[in-house]
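The values are calculated or read from the model by the stated rules, or taken from the named source; none is laboratory data. Computed from a predicted model, the values in this text were never measured in an experiment. Note that each Cβ is placed from the backbone with ideal geometry, even for glycine, and that neighbours are counted across all protein chains shown.
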């Protein structure tokens with residue numbers, strides 16, 4: 001691996017420092033002030049400029065993230081609110097907006113997109129004929145059971161920083177879904193690898209929808225930054241696109257009163273089925289790139305929230321299209337996991353310097 005301009009292996013690092021943390025690693029901390037108080041967090045440092053925080057008590061989502069001292073994980077005014085303060089039915093189903101911050105917010109496990117009241121007859125409980133779902137579901141505010149974390153050497157030349165945990169979303173006479181999440185980064189590396197398995201641990205057919213809300217903020221996002229999409233066709237856009245006329249590829253600075261613009265794009269995958277949209281900041285000479293498998297996430301949304309004080313753009317790979325759960329149930333595209341059935345999702349977040 002390359003660290004600070006030199007090649008190293010396990011032995012050379014051991015000769016230089018008695019603890020691997022001199023180069024990088026994973027550290028467990030607990031946040032201890034304000035609305036963040038009590039959140040277990042794992043701090044990853046790769047030694048190559050990449051650092052990020054995994055919030056164990058918020059579904060092992062990724063909060064703050066930076067590269068070479070420059071932030072790219074969005075930081076909103078809500079901060080990283082403790083899940084114990086979250087009220088799912090608050091704000092008419094929009095309660096997520098009171099705890100929405102960070103590089104990654106996971107949506108699901110049984111519902112994504114805007115709220116919907118849907119049939120729950122598969123659970124066979126007469127007093128609960130329907131389920132009321134809020135924006136992007138429940139999972140993002142569920143604590144994980146941390147099963148392990150640390151540093152693992154693969155031979156003498158590669159060291160992997162890792163964490164793994166399980167998030168359980170369950171109700172009596174309701175869903176029983178389990179998310180097993182593994183997050184990895186290489187010592188000396190500049191990418192985050194995310195492997196998720198969602199399994200129906202119950203005994204009833206259970207709805208499953210999944211979406212990553214990946215949010216890039218200042219300073220990676222700034223006036224003049226470019227949102228690059230592989231060859232694509234736009235299949236839906238919010239009314240605000242025509243009303244405001246703000247480009248979705250060349251980013252302006254923060255705009256007063258900006259109304260979010262959302263697009264659904266059909267993106268062209270490469271020969272391996274992978275798609276790589278990215279945000280490029282030429283002034284800083286850096287980029288953020290998302291890599292995902294289109295077979296796992298057939299839909300993709302571009303989120304633009306360029307309002308003053310909440311300046312962000314989003315990358316949203318999704319299992320379902322923008323019309324949401326009710327439409328998916330009506331047109332037959334809704335996913336139901338059978339007992340014991342699972343889905344696998346493998347995704348990479350990559351940062352780096354622009355070559356040349």
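Which condition number in (1) under 16 Å from the mean Cα position of the chain (by Cα); (2) touching a residue at least 40 places away in the same chain (Cβ under 8 Å); (3) within 26 Å of residue 320 (Cβ to Cβ) is the one that residue 163 fails?
If we test residue 163 against (1) under 16 Å from the mean Cα position of the chain (by Cα); (2) touching a residue at least 40 places away in the same chain (Cβ under 8 Å); (3) within 26 Å of residue 320 (Cβ to Cβ), just (3) comes out false.
Could you please let me know if residue 314 is part of a loop (DSSP other than H, G, I, E, B) and either out of contact with any helix residue (DSSP H, G or I) (no Cβ under 6 Å at 6 or more places or on another chain) or farther than 29 Å from residue 243 by Cβ (or both)? Break it down into steps so the answer makes sense when it comes.
Details: part of a loop (DSSP other than H, G, I, E, B): no; either out of contact with any helix residue (DSSP H, G or I) (no Cβ under 6 Å at 6 or more places or on another chain) or farther than 29 Å from residue 243 by Cβ (or both): yes.
Considered against the rule, which asks whether it is part of a loop (DSSP other than H, G, I, E, B) and either out of contact with any helix residue (DSSP H, G or I) (no Cβ under 6 Å at 6 or more places or on another chain) or farther than 29 Å from residue 243 by Cβ (or both), residue 314 comes out as no.
With the requirement that a residue be part of a strand (DSSP E or B), in contact (Cβ under 8 Å) with a residue 60 or more places away in the chain and more than 17 Å from the chain's Cα centre (by Cα), what does region 209-231 give you?
First, pick out the residues of region 209-231 that are part of a strand (DSSP E or B): 211-217, 226-228.
This time we only want the ones that are in contact (Cβ under 8 Å) with a residue 60 or more places away in the chain, so: 211-217, 227.
Answer for region 209-231, where residues must be part of a strand (DSSP E or B), in contact (Cβ under 8 Å) with a residue 60 or more places away in the chain and more than 17 Å from the chain's Cα centre (by Cα): just 227.
From the list 345, 287, 292, which one is within 19 Å of residue 52 (Cα to Cα), in a strand (DSSP E or B) and at pLDDT 95 or above? Let's see the steps before the verdict.
Values: 345 fails: within 19 Å of residue 52 (Cα to Cα); 292 fails: within 19 Å of residue 52 (Cα to Cα).
Step by step, each of 345, 287, 292 is checked, and only 287 is within 19 Å of residue 52 (Cα to Cα), in a strand (DSSP E or B) and at pLDDT 95 or above.
Can you name the residue in region 14-44 that is buried (at least 17 other Cβ atoms within 10 Å of the Cβ) and without any contact (Cβ under 8 Å) to a residue 60 or more places away in the chain and is also farthest from residue 142 (Cα to Cα) among such residues? I'd like the intermediate steps shown before the answer.
Kept after step one, since they are buried (at least 17 other Cβ atoms within 10 Å of the Cβ), are these residues of region 14-44: 20, 23-26, 31, 36, 39-42, 44.
Restricting the remaining residues to those that are without any contact (Cβ under 8 Å) to a residue 60 or more places away in the chain gives 31, 36, 39, 41.
Values: 31: 17, 36: 14, 39: 11, 41: 14 Å.
In this case the residue turns out to be 31.
Of the residues in region 2-46, how many are assigned to a loop (DSSP other than H, G, I, E, B) and either touching a helix residue (DSSP H, G or I) at 6+ places or on another chain (Cβ under 9 Å) or more than 22 Å from residue 154 (Cα to Cα) (or both)?
Taking region 2-46 as the starting set, the residues that turn out to be assigned to a loop (DSSP other than H, G, I, E, B) are 4-5, 8-9, 17-19, 23-24, 31-33, 37-39, 46.
Of the ones still in play, those that are also either touching a helix residue (DSSP H, G or I) at 6+ places or on another chain (Cβ under 9 Å) or more than 22 Å from residue 154 (Cα to Cα) (or both) are 8, 23, 31-33, 37-39.
Residues that pass the stated criteria total 8.
Checking the structure you have, find out if any residue of region 305-313 is crowded, with 18+ Cβ neighbours inside 10 Å and either within 17 Å of residue 135 (Cα to Cα) or free of Cβ contacts under 8 Å to residues at least 24 places away in the same chain (or both).
Within region 305-313, one or more residues are crowded, with 18+ Cβ neighbours inside 10 Å and either within 17 Å of residue 135 (Cα to Cα) or free of Cβ contacts under 8 Å to residues at least 24 places away in the same chain (or both).
I want to confirm something. Restricting to region 253-276 and keeping residues that are surrounded by 14 or more Cβ atoms within 10 Å (Cβ to Cβ) and in a loop (DSSP other than H, G, I, E, B), which single residue is nearest to the chain's Cα centre (by Cα)?
Among those that are surrounded by 14 or more Cβ atoms within 10 Å (Cβ to Cβ) and in a loop (DSSP other than H, G, I, E, B), it is 276.
List pairs: first in region 281-302 and closer than 30 Å to residue 328 by Cα, second surrounded by fewer than 17 Cβ atoms within 10 Å (Cβ to Cβ) and at pLDDT below 95, Cβ under 9 Å, 6+ apart or cross-chain?
300/232
Take the residues in region 76-93 that are at pLDDT below 95 and in a loop (DSSP other than H, G, I, E, B); name whichever of them is surrounded by the most Cβ atoms within 10 Å (Cβ to Cβ).
Of everything passing the filter in region 76-93, 86 is surrounded by the most Cβ atoms within 10 Å (Cβ to Cβ).
Could we say that residue 329 is in a helix (DSSP H, G or I) and surrounded by 15 or more Cβ atoms within 10 Å (Cβ to Cβ) here? Break it down into steps so the answer makes sense when it comes.
Working: in a helix (DSSP H, G or I): yes; surrounded by 15 or more Cβ atoms within 10 Å (Cβ to Cβ): yes.
So residue 329 passes the test.
Could we say that residue 143 is in a strand (DSSP E or B), at pLDDT 95 or above and touching a helix residue (DSSP H, G or I) at 6+ places or on another chain (Cβ under 9 Å) here?
Working: in a strand (DSSP E or B): no; at pLDDT 95 or above: yes; touching a helix residue (DSSP H, G or I) at 6+ places or on another chain (Cβ under 9 Å): yes.
In short, no.
Condition first: out of contact with any helix residue (DSSP H, G or I) (no Cβ under 8 Å at 6 or more places or on another chain) and either part of a loop (DSSP other than H, G, I, E, B) or crowded, with 22+ Cβ neighbours inside 10 Å (or both). Now tell me which residues in region 197-208 satisfy that. Let's see the steps before the verdict.
Residues of region 197-208 out of contact with any helix residue (DSSP H, G or I) (no Cβ under 8 Å at 6 or more places or on another chain): 197-203, 208.
Those that are out of contact with any helix residue (DSSP H, G or I) (no Cβ under 8 Å at 6 or more places or on another chain) and either part of a loop (DSSP other than H, G, I, E, B) or crowded, with 22+ Cβ neighbours inside 10 Å (or both): 198, 200, 201, 202, 203, 208.
May I ask you to list pairs of residues, at least six apart or on different chains, whose Cβ atoms are under 6 Å apart, with the first in region 83-110 being under 26 Å from residue 349 (Cβ atoms) and the second being modelled with pLDDT of 95 or more and in a helix (DSSP H, G or I)?
Correct list of pairs: 83/141; 86/141; 105/140; 106/139; 106/140; 108/139; 109/139.
Which numbered condition in (1) outside any helix (DSSP H, G or I); (2) touching a strand residue (DSSP E or B) at 6+ places or on another chain (Cβ under 6 Å) is the only one that residue 240 fails?
It fails just one condition, (1).
Residues of region 170-183 being farther than 17 Å from residue 105 by Cα and touching a strand residue (DSSP E or B) at 6+ places or on another chain (Cβ under 8 Å), which ones?
170, 174, 175, 176, 177
Considering region 118-140 alone, what residues qualify as being assigned to a strand (DSSP E or B) and on the phi < 0 side of the Ramachandran plot? Before you say what the answer is, go through the steps one by one.
Just the residues of region 118-140 that are assigned to a strand (DSSP E or B), to begin with: 118-119, 130-133, 137.
Correct list: 118, 119, 130, 131, 132, 133.
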